[in-house]
Amino acid sequence: MVSPELSHFQSSPMAKPRNRPFWCLSDGFLFFGGACLALLLVWSFWSFFTPTPYFDPTMTEPASKLRKNPVDCMESGFGVNLKSDPKEPTFYDDPEMSYSLEKPVKDWDEKRKEWLKHHPSFAAEARERIVLVTGSQPKACKNPIGDHLLLRFFKNKVDYCRIHGYDIFYNNLLLHPKMNSYWAKLPVVKAAMLAHPEAEWIWWVDSDAAFTDMEFKLPLERYKNHNMVVHGWPKLIYQSKSWTSLNAGVFLLRNCQWSMDLINTWSSMGPMSKDYVKWGQIQRSTFKDKLFPESDDQSALIYLLYKEKEKYYDHIYLEGEFYLEGYWVEIVGGYENSTERYLEIERGAPKLRRRHAEKVSEQYAAFREEFLKEAGNGKGSWRRPLITHFTGCQPCSGDHNQMYAGETCWNGMVKALNFADNQVLRKYGFVRPDLRDSSTVIEVPYDYPADEGPW
């Protein structure tokens with residue numbers, strides 16, 4: 001990857017003083033000058049009480065040009081007009097349109113295109129626009145520290161979205177009374193697609209998943225010919241027939257009719273279906289390593305890929321080149337090594353040690369990328385994993401998988417969240433010196449010596 005260069009700002013050179021001719025003033029000139037001075041004073045007082053909207057041309061464009069600029073005071077800082085919703089009817093004005101799963105949406109591509117036509121300021125960046133969706137249960141957690149952990153997981157997602165300019169929606173209600181547990185995401189994702197026609201992608205991330213590389217940005221260009229992205233492995237689907245051949249806790253879904261149809265088919269295997277019990281039996285007979293009898297969203301998606309490969313495989317990108325989500329057990333022990341390796345890079349790269357505004361973090365991510373070519377990806381890599389997923393830990397209920405102790409889960413979560421938060425805090429001048437200690441921070445010194453780290 002070619003890294004962009006640092007921008008250099010230069011101040012304008014100081015204007016040289018002009019040599020003015022000397023005037024010999026006669027009485028006539030004195031009288032004329034006095035009259036002019038009087039008029040000038042009257043104009044000045046009038047201007048003081050009735051100021052004119054003058055803009056310094058060295059600071060802004062002339063007013064005539066400002067009126068032609070598509071980004072004005074009615075618009076947000078991102079160049080989109082948040083205060084205009086034209087009177088022309090759109091799909092929102094259709095009384096038959098429903099956000100619920102029971103009523104499928106038809107002709108969604110055309111309806112979304114029409115909406116964007118009436119809201120042109122959103123159309124320019126539509127292909128890159130992402131809305132991250134996540135959520136949790138409606139009630140307080142049974143686990144005494146569950147609500148605190150969920151709050152930190154949510155803060156983590158908000159931090160990541162703020163750094164990359166994504167919108168985020170957090171839901172803590174069941175939008176369909178029967179679609180609970182892992183199925184609760186599908187009603188929310190459909191509603192988010194309808195609520196955000198300006199977004200090309202809806203990115204679902206489970207509540208127990210944390211971003212642990214705050215710089216990494218999804219390679220959307222890689223997915224231009226696909227409508228869904230999920231972490232998975234084709235061999236495990238078609239050869240091993242494993243129910244863990246992909247993980248449905250994190251996925252990217254294009255905001256299009258294909259995705260609407262997928263949600264309809266996918267949800268028909270869930271608790272809202274009269275065939276829910278039968279689907280559980282089918283999944284368990286198909287995937288021999290599935291231990292529980294209920295139909296679940298992950299097995300259902302794998303079943304569609306396995307049974308209808310021609311229909312779905314070409315549209316679903318099984319991402320295995322990086323941790324779109326990574327199993328926490330194989331990740332949390334490597335955070336200290338990752339931290340040290342990244343610091344080692346910074347010791348030899350002053351531009352990465354440079355303090356900068358959080359808003360330009362993506363530029364420094366591009367700088368860093370040239371040093372990460374040998375880091376690898378996935379298990380055994382010292383590169384930061386994009387997402388660490390605490391599958392089986394159940395931070396809210398506390399009913400974790402018996403394969404590991406609860407304290408292992410909670411301590412791993414704290415470590416992951418502090419590892420991610422350090423990347424954010426550095427933009428604010430502080431850092432936690434110990435990933436296991438959430439309460440102690442130190443200030444990062446200015447441009448620390450080349451043979452030392454910032455802590």
_List pairs: first residue in the range 264-275 and in contact (Cβ under 8 Å) with a residue 12 or more places away in the chain, second residue aromatic (Phe, Trp, Tyr) anywhere in the structure, Cβ distance under 7 angstrom, at least six positions apart or on different chains._
269/279; 270/183; 270/276; 271/183
_From the list 340, 310, 319, exactly one residue is within 27 Å of the chain's Cα centre (by Cα) and open to solvent by 10 Å² or more (accessible area, probe 1.4 Å). Which is it?_
340
*Residues in the range 295-317: is at least one touching a residue at least 24 places away in the same chain (Cβ under 8 Å) and in a loop (DSSP other than H, G, I, E, B)?*
yes
*Which condition number in (1) of a type in the set (Phe, Trp, Tyr); (2) in contact with a Cys (Cβ under 7 Å, 6 or more places away or on another chain); (3) more than 25 Å from residue 163 (Cβ to Cβ) is the one that residue 390 fails?*
(3)
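Only helices (runs of 4 or more DSSP H) wholly contained in the range 349-455 count here; list those with 2 or more residues that are among the hydrophobic types (A, V, I, L, M, F, W, C) and within 18 Å of residue 330 (Cβ to Cβ). Full working, then the answer.
Values: elements: 350-353, 361-369, 406-425.
So the answer is 406-425.
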_Complete set of residues in the range 189-228 that are outside any loop (DSSP other than H, G, I, E, B), open to solvent by 10 Å² or more (accessible area, probe 1.4 Å) and charged (D, E, K, R)_ = 221, 222
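Quick one: which residue in 203, 108 is in the same structural domain as residue 254 (by the TED database), in contact with a helix residue (DSSP H, G or I) (Cβ under 8 Å, 6 or more places away or on another chain), modelled with pLDDT of 95 or more and under 18 Å from residue 266 (Cα atoms)? Walk me through it before giving the result.
Working: 203 fails: in contact with a helix residue (DSSP H, G or I) (Cβ under 8 Å, 6 or more places away or on another chain).
Exactly one residue qualifies, and that residue is 108.
With the condition kept exactly as written, say whether any residue in the range 110-126 is open to solvent by 100 Å² or more (accessible area, probe 1.4 Å) and either more than 23 Å from residue 167 (Cα to Cα) or not charged (D, E, K, R) (or both).
Initial filter on the range 110-126 (open to solvent by 100 Å² or more (accessible area, probe 1.4 Å)): 110, 113, 117, 125.
If we keep only those that are either more than 23 Å from residue 167 (Cα to Cα) or not charged (D, E, K, R) (or both) too, we end up with 110.
Yes, the conditions are met somewhere in the range 110-126.
Working only within the range 322-333, note down all residues that are aliphatic (A, V, I, L, M) and either surrounded by fewer than 18 Cβ atoms within 10 Å (Cβ to Cβ) or over 24 Å from the mean Cα position of the chain (by Cα) (or both). So that I can check it myself, show each step before the final result.
Initial filter on the range 322-333 (aliphatic (A, V, I, L, M)): 324, 329, 331-332.
329 - this is the single residue of the range 322-333 that is aliphatic (A, V, I, L, M) and either surrounded by fewer than 18 Cβ atoms within 10 Å (Cβ to Cβ) or over 24 Å from the mean Cα position of the chain (by Cα) (or both).
Quick test for you: out of 408, 391, pick the one residue that is surrounded by fewer than 19 Cβ atoms within 10 Å (Cβ to Cβ) and touching a residue at least 60 places away in the same chain (Cβ under 8 Å). Please lay out each step first, then the result.
Values: 408 fails: touching a residue at least 60 places away in the same chain (Cβ under 8 Å).
Testing whether each residue is surrounded by fewer than 19 Cβ atoms within 10 Å (Cβ to Cβ) and touching a residue at least 60 places away in the same chain (Cβ under 8 Å) leaves just 391.
The values are calculated or read from the model by the stated rules, or taken from the named source; none is laboratory data. Since this is a predicted model, take the numbers as computed values, not measurements. Backbone-built Cβ (ideal geometry, glycine too); neighbour counts: all protein chains shown. Just so you know, the surface numbers come from the protein's heavy atoms only, side chains and all, with ligands and any DNA or RNA stripped out. Shrake-Rupley method; radii C 1.70, N 1.55, O 1.52, S 1.80 Å.
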